[in-house]
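A short write-up of the structure that comes next.
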There are 2 protein chains.
Amino acid sequence: MHAAKAEPLTPIPYQAVTLSDSFWSARAATNREVTLPVELKNLRDTGRLDVWKMEWRPGMPNTPHPFWDSDLAKWIEAAAYSLATHPNPELEREIDRAVTRMEKAQLDDGYLNSYYQLVEPGKRWTNLALMHELYCAGHLIEAAVAYASATGKKRFLDVMRRYAQHIAGTFGRGVGQRRGYPGHEEIELALVKLYRATGERQYLDLAAYFIDERGVEPHYFIQEALERGESLPFSEEYFQAHQPVREQREAVGHAVRALYLYSGMADVAAETGDSTLLDACRRLWTSLTERRMYITGGIGSTASNEGFTSDYHLPNEAAYAETCASIALVFFAHRMLAIDPQGKYGDAMERALYNGVLSGVSLDGKRFFYVNPLAVRPNEERHGGEFGTVSRQEWFGCACCPPNVARLLASLGQYFYGVRPGACFIHLYGQSEARFDMEGVPVVVKQRTQYPWDGRIRVSVEPDATCAFTLALRIPGWCRNASVKVNGRTEALADLMKNGYAHITRTWNKRDVLELELPMPVERMRAHPRVRHDMGRIALQRGPIVYCLEEADNGANLDRIVLPRSAPIRTMQKRILGGIVALKTEGWEIPEKGWKEGLYTSSEPLRRPCHVVAIPYALWDNRKPGEMQVWIREE
Amino acid sequence: MHAAKAEPLTPIPYQAVTLSDSFWSARAATNREVTLPVELKNLRDTGRLDVWKMEWRPGMPNTPHPFWDSDLAKWIEAAAYSLATHPNPELEREIDRAVTRMEKAQLDDGYLNSYYQLVEPGKRWTNLALMHELYCAGHLIEAAVAYASATGKKRFLDVMRRYAQHIAGTFGRGVGQRRGYPGHEEIELALVKLYRATGERQYLDLAAYFIDERGVEPHYFIQEALERGESLPFSEEYFQAHQPVREQREAVGHAVRALYLYSGMADVAAETGDSTLLDACRRLWTSLTERRMYITGGIGSTASNEGFTSDYHLPNEAAYAETCASIALVFFAHRMLAIDPQGKYGDAMERALYNGVLSGVSLDGKRFFYVNPLAVRPNEERHGGEFGTVSRQEWFGCACCPPNVARLLASLGQYFYGVRPGACFIHLYGQSEARFDMEGVPVVVKQRTQYPWDGRIRVSVEPDATCAFTLALRIPGWCRNASVKVNGRTEALADLMKNGYAHITRTWNKRDVLELELPMPVERMRAHPRVRHDMGRIALQRGPIVYCLEEADNGANLDRIVLPRSAPIRTMQKRILGGIVALKTEGWEIPEKGWKEGLYTSSEPLRRPCHVVAIPYALWDNRKPGEMQVWIREE
């Protein structure tokens, strides 16, 4: 447990980080000004907000759904983050109104679930595997913690403490308790947040119980199903409940479930120093990121379980890559980074944020992807089940992704910096300002940069008083020739490197300036030879950004295009899509027009040169609908 | 209607064609000696044979299935063909026993269907769209015609005439008749066979009625479903009933349904000279073979409708390419060839026979493919629904394919030659002897050849008396430099060519010999640029045979292999798989062992040369199970 020896990093909270870059700030503003109101309207229109009036009765339309509480909870959490940085009395009143209703709806014993209270009273806790009761509780807890932190108001938190208290009494190994655990993980990480917010150890213990009990025989989900006279409709792997978590070596099953579990495991390990749990997290990380992750940071290769399949099975059109799963990957990566600051965690976090997470929301903030495939052919059969759309949608019946992306964007600042005694880590780059105390001395760290479009970052360190500490700069895995200057003097970077971070230890003065240079040539990325769907293909990446071809720029039938190995790829500032660096090159195409052969021919087809334009993957489907693909044929 | 002006070809019947080649004869012998007994056992074990005892009663196990009659019928048809060439009293007794039972089971009004008589009495003709009643009738009629022709026994034929009489009374535009037509086409072509066997015009008229009525508004299937209080669970395209057949321009829906319909349309057009119907056949042929057919002659791109999707959508792993559909393509091609002998029909027939049909049965004759994908990855999620197996199976719940391939192999000789006054056409090559009369003169045509492994064919023409006629030799579309000698003298082939056949007109003497040379270099086949799944890939073809890579020869992860454009491909006689010409070449591979990069890398991976061996596609999965792929990466 070598890493747990060092004190974990504490993220500099989003309230203390001001982003002023052109990339994320604009998206965060849209999130605040467009997405939050749009989502509130959708929540209201679909009954998710007003369900808390508790007026629904059997026979009335719009039956409450088991997921609804979580959708509203994630929106409240997002709105809370927004309130902290951008006060909005109307928004705050809306939340207070919802909290008042929940408070009123809460049963005397603390129980609080709109679906079970209205639709299936008396059936509570009878179907943990499938019915999302503890999942909803988890999201409500997260929302309450966020709202308390943002506004200082404790009422929502108190409601959720009572509910958590009830859950802690219900589940456990004591006499009369149920030995259950959630079918959809989430409450584990929420309970750790509640513990951190309240200092009450019982919540951490309950999180640890849920994690420890998972996958133990006799199998709770199977017994529970038997008691209902049913059988479990999914494999135990689907729930990551096929074996105790410490024995798990592969990322399996439903991807969001898996990543929320792993995040909770990392949280508990960070708090308890449990090395066996941390070892499991590390093994699962390796399985996940070295064998089961798309280049976009998407995870989940199939719609059938919304999750993982087998090593290196990463089909592009059929990718599920749920927005929520990439968000959960950010959560897990961020937690591992805090426990053990290693570049690989930061690399995956950055990969997911700039690509597979951000693709989940349109530039205008009004439409959302649930499924994020790496190639789309609008005229072919759909993959990804009901959520596999070829354009972003305004809402979904199962609306987990839209408020999830909203809460991420509203709290994005917290992923940039982490501190511990004697050190400040910069995980992500982007024009910003972070405020923290280093052993009593207030410090401001500022980044001036055009990142992610340019790799030059000027970091100024401004302590209130001279102050000795280590500034650790993540040198991204995609960067091959980084360099750093301290006050104009080039440092020997190799000597500074430790686990993917350049550690610069000195006594900092107000005028100290670091110049970090992360050259970002366009890279032709290739996949491991067992990723058969990507063989003979490259993906274009520049800095953290993975590119794609869109029909809007390149015409239809994108697979007709092949890039020669020798073709230089140029960058191009473009004002489209909010201002991007696009990529431009010359490829070859087999033109369809003029094709004189039949369906199959032994002649070698004529080729002609063609212009090829690539745009950031995350920004696709913001123009006219059409084909898209990440992996491009290469010769 | 230019083609209908010439008299259609009459196929030389299978009884008058003796195959003595090493390729088909061996398969036909296995079919006779192994497949027919194995299938009989399966039919018996699964209840399909004994259902005709009519002893099943509700509550008993093994409920008769709506398809069962057709499975037994196709087996009887296959067995009948076999009896004609290889008498087998035991087999004949088995069929007679079944016929006796059917005769006894037949209702007074002629109706005969084991499922409706036993399981849903009173419900007959209430669900034409889905319940296969007329389809079963069609297969029973085909079996009866075959059995009468093979044995001279008329009893089965009489049973089926009574049933056909009943159907003719039930369906039509007359007062009190139902304006229905089959949900699964088949009876149309069967009725034309019955007409040809009996000379009774009413059967041809009934076939024409079913074809003409199809897709007419108000829509019979929709009305019929409404009457049952249901709605139609498939689109009208699924049944080729979305518009009248003469308006149809694209091959759509369930592929076996479609091709049985088109075959019936061609039959009716051939008999009636109906040019509008023939034009529709020609348009559908073009749609089918120029935009919707696999290189193997497989058709049907998806399991979801067991059929067609859109133009050029030909995914390889997800291919459905049902064995029955390729067999039906042979039927349709053979009928078009008779009406209008053009090389393109013969090319498709040959392509399907040597590849997508033959793949349907194992070399040992005991196991069958229902679905014939062009790439298989045993460890990935299955395509092709319940029938998409990665190895051939002994039987299927829906067992249409095994007896279908059996009846084709038992009557294969009929596809080789066709005659009309003044001309004999050779459609297919293979060592064989065909007997026919040319304007009163008995003629024997013999082929001596190692085809399909070698392209030299020596054709001797042996008329009983000198006789003037045209011998038309198909010059396959795959062949670029054919040549022909008549009695040792090279002919100017171009002058002889007409619609893909070399027409050699002379007064034939007993010692006349033609030497046809069809050079068959290995061809690198490429697909139309809109077949996106094949872009950057080649298929290897030599003569009529499409090749594939198998894991048994090339190791796993076949997509790691790339063939350089310049690599010579050698042929190699091999004793495996019944004796084949295998292909051998040198490719490049990205070896998995020694891979030091992560899941994604900007380094260009190392490559090393590797041996590549290809075997005929139809013969895959006759060794140890593993991966297979037809389309190979090329650079």
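Laid out as a table, the results:
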{"quantity": "Residue in the stretch A:499-518 that is farthest from the other protein chains (Cβ to nearest Cβ), counting only those that are within 26 Å of the chain's Cα centre (by Cα) and at negative phi", "calculated": "A:A502"}
{"quantity": "Residues located in the stretch A:330-362, provided they are under 18 Å from A:L9 (Cα atoms) and within 14 Å of another protein chain (Cβ to nearest Cβ)", "calculated": "A:Q342, A:G343, A:K344, A:Y345, A:D347, A:A348, A:E350"}
{"quantity": "So A:D364, is it of a type in the set (D, E), part of a loop (DSSP other than H, G, I, E, B) and more than 27 Å from A:N557 (Cβ to Cβ)", "calculated": "yes"}
{"quantity": "Criterion violated by A:K53 - all others in (1) surrounded by fewer than 18 Cβ atoms within 10 Å (Cβ to Cβ); (2) modelled with pLDDT under 95; (3) not hydroxyl-bearing (S, T, Y) satisfied", "calculated": "(2)"}
{"quantity": "All positions within the stretch B:560-581 that are touching a residue at least 24 places away in the same chain (Cβ under 8 Å), part of a loop (DSSP other than H, G, I, E, B) and closer than 28 Å to B:Q450 by Cα", "calculated": "B:I569, B:G579"}
{"quantity": "Output for the stretch A:170-197, where each listed residue is within 28 Å of A:A150 (Cα to Cα) and surrounded by fewer than 17 Cβ atoms within 10 Å (Cβ to Cβ)", "calculated": "A:R196"}
{"quantity": "The stretch A:33-50, residues that are among the hydrophobic types (A, V, I, L, M, F, W, C) and either open to solvent by 10 Å² or more (accessible area, probe 1.4 Å) or not in a loop (DSSP other than H, G, I, E, B) (or both)", "calculated": "A:V34, A:L36, A:V38, A:L40, A:L43"}
{"quantity": "Yes/no for A:V405 being within 14 Å of another protein chain (Cβ to nearest Cβ), open to solvent by less than 50 Å² (accessible area, probe 1.4 Å) and in contact with a strand residue (DSSP E or B) (Cβ under 9 Å, 6 or more places away or on another chain)", "calculated": "no"}
{"quantity": "Residues of the stretch A:216-229 satisfying the condition of being under 19 Å from A:H254 (Cβ atoms) and not small (G, A, S)", "calculated": "A:H219, A:Y220, A:F221, A:I222, A:E224"}
{"quantity": "The stretch B:362-382, residues that are surrounded by fewer than 20 Cβ atoms within 10 Å (Cβ to Cβ) and either free of Cβ contacts under 8 Å to residues at least 40 places away in the same chain or under 13 Å from B:E322 (Cβ atoms) (or both)", "calculated": "B:N379, B:E381, B:R382"}
{"quantity": "Within the stretch A:69-171, helices (runs of 4 or more DSSP H) holding 2 or more residues that are closer than 27 Å to A:V17 by Cβ and not polar (S, T, N, Q)", "calculated": "A:89-105, A:133-151, A:155-170"}
{"quantity": "Residues being open to solvent by 30 Å² or more (accessible area, probe 1.4 Å) and within 24 Å of A:R420 (Cβ to Cβ) - total across the stretch A:454-492", "calculated": "7"}
{"quantity": "Elements of type helices (runs of 4 or more DSSP H) contained in the stretch B:202-296, each with 1 or more residues being free of Cβ contacts under 8 Å to residues at least 60 places away in the same chain, open to solvent by 50 Å² or more (accessible area, probe 1.4 Å) and within 25 Å of B:G172 (Cβ to Cβ)", "calculated": "B:220-227, B:275-291"}
{"quantity": "Test: residue in the stretch B:334-345 that is among the aromatic types (F, W, Y) and in a loop (DSSP other than H, G, I, E, B)", "calculated": "no"}
{"quantity": "Scan of the stretch B:482-510 for residues that are touching a residue at least 24 places away in the same chain (Cβ under 8 Å) and not in a strand (DSSP E or B), ordered by number", "calculated": "B:A482, B:N487, B:G488, B:N499, B:G500, B:N509, B:K510"}
{"quantity": "Residue tally, condition part of a strand (DSSP E or B), of a type in the set (S, T, N, Q) and either free of Cβ contacts under 8 Å to residues at least 60 places away in the same chain or more than 14 Å from chain A (Cβ to nearest Cβ) (or both), over the stretch B:582-635", "calculated": "2"}
{"quantity": "Strands (runs of 3 or more DSSP E) contained entirely in the stretch B:520-559, each with at least 3 residues that are within 11 Å of chain A (Cβ to nearest Cβ)", "calculated": "B:522-527, B:537-542"}
{"quantity": "Looking only at the stretch B:561-576, and only at residues there that are modelled with pLDDT of 95 or more and open to solvent by less than 50 Å² (accessible area, probe 1.4 Å), the one that is nearest to the other protein chains (Cβ to nearest Cβ)", "calculated": "B:V562"}
{"quantity": "Any pair with Cβ under 7 angstrom, 6 or more apart, that starts in the stretch A:464-480 at a residue that is over 18 Å from A:Y345 (Cα atoms) and away from every other protein chain (no Cβ under 14 Å) and ends at one that is part of a strand (DSSP E or B) and among the small types (G, A, S)", "calculated": "A:F469/A:A423; A:T470/A:A423"}
{"quantity": "Matching option when the condition is touching a Lys or Arg at 6+ places or on another chain (Cβ under 8 Å) and crowded, with 18+ Cβ neighbours inside 10 Å, among B:G543, B:G587, B:G536", "calculated": "B:G536"}
{"quantity": "Restricting the stretch A:298-320 to residues that are of a type in the set (G, A, S) and touching a Leu at 6+ places or on another chain (Cβ under 8 Å), the residue that is nearest to the other protein chains (Cβ to nearest Cβ)", "calculated": "A:S301"}
{"quantity": "Condition met for B:T323 (in contact with a Pro (Cβ under 9 Å, 6 or more places away or on another chain), buried (at least 23 other Cβ atoms within 10 Å of the Cβ) and not hydrophobic (A, V, I, L, M, F, W, C))", "calculated": "yes"}
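The values are calculated or read from the model by the stated rules, or taken from the named source; none is laboratory data. In this text, all values refer to a predicted model and were calculated from it rather than measured experimentally. Ideal geometry is used to build each Cβ from the backbone, glycine not excepted, and the neighbour counts take in all protein chains shown. When the accessible area is computed, the model is the full protein with side chains, heavy atoms only, and any ligands, DNA or RNA have been set aside. Shrake-Rupley method; radii C 1.70, N 1.55, O 1.52, S 1.80 Å.
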